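The values are calculated or read from the model by the stated rules, or taken from the named source; none is laboratory data. Just so it is clear, the structure is predicted and the values come from calculations on it, not from any experiment. Positions of Cβ are backbone-derived with ideal geometry, glycine not excepted, and every protein chain shown enters the neighbour counts. The accessibility values were calculated without ligands, DNA or RNA, using every heavy atom of the protein model including side chains. Shrake-Rupley method; radii C 1.70, N 1.55, O 1.52, S 1.80 Å.
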Amino acid sequence: MILPIVGYGHSILRKKTQDITKDYPQIKELTENMFETMYKANGVGLAAPQVNLPISVLVIDTDVFKGSYPEGEGWKIAMINPEIIESSSDTWAFEEGCLSVPGIHEEVLRPREVKVRYFDTDFNEHEEILSGIRARVFQHEFDHLQGKVFVERLSNIKRAFLKKKLKDIEQNKIRTDYKMIK
Ligand code: ZN
């Protein structure tokens with residue numbers, strides 16, 4: 001089932017999410033719906049607040065990057081209650097976009113590697129090191145769980161330039177080929 005996507009300016013995108021427990025109803029169905037919603041909108045990641053749920057769940061598929069970033073190949077994953085245990089001091093800039101901020105693409109500086117802990121949808125715990133495009137997309141989605149959207153990581157000058165565009169998104173004046181929550 002395709003879910004409508006929350007746009008920039010909606011209060012849920014500014015809230016820190018809650019961890020969920022094994023009792024959370026139909027988590028597999030939810031993550032399947034999130035994948036379907038993400039693919040339909042040509043996204044590479046989607047966090048639960050973007051579908052109006054204040055919980056620590058995200059989905060990612062980086063396969064589309066495999067040509068330029070080999071580590072992206074075949075990486076399709078749903079993560080529950082993820083945490084960052086460690087981040088590398090080495091950073092890199094990459095142009096990001098976000099399904100909640102349509103039409104805006106800007107370079108963001110982030111650590112190249114992160115060590116993460118998360119649960120899969122069977123509630124098995126995993127710990128692994130992500131690097132390159134995997135670390136990039138993960139950190140963008142993880143930010144959503146902290147109530148942070150990537151444009152908030154841009155310099156004040158850049159944000160000033162984007163002010164009009166962001167306002168248009170907040171006022172639902174932007175057209176998208178996927179369904180957004182009005
Ligand atoms: Zn996003």
How about region 151-170: which of its residues are closer than 23 Å to T37 by Cα and touching a Gly at 6+ places or on another chain (Cβ under 8 Å)?
L166, I169, E170
Find the residue count for region 103-144, including only residues that are of a type in the set (A, V, I, L, M), open to solvent by less than 30 Å² (accessible area, probe 1.4 Å) and either within 16 Å of the ligand (Cβ to nearest atom) or under 19 Å from S68 (Cα atoms) (or both).
6
Taking region 1-22, which residues are over 17 Å from A78 (Cα atoms) and surrounded by fewer than 15 Cβ atoms within 10 Å (Cβ to Cβ)?
P4, S11, R14, K15, K16
Could you say which residue among G72, G67, G45 is open to solvent by less than 10 Å² (accessible area, probe 1.4 Å) and more than 12 Å from the ligand (Cβ to nearest atom)?
G72
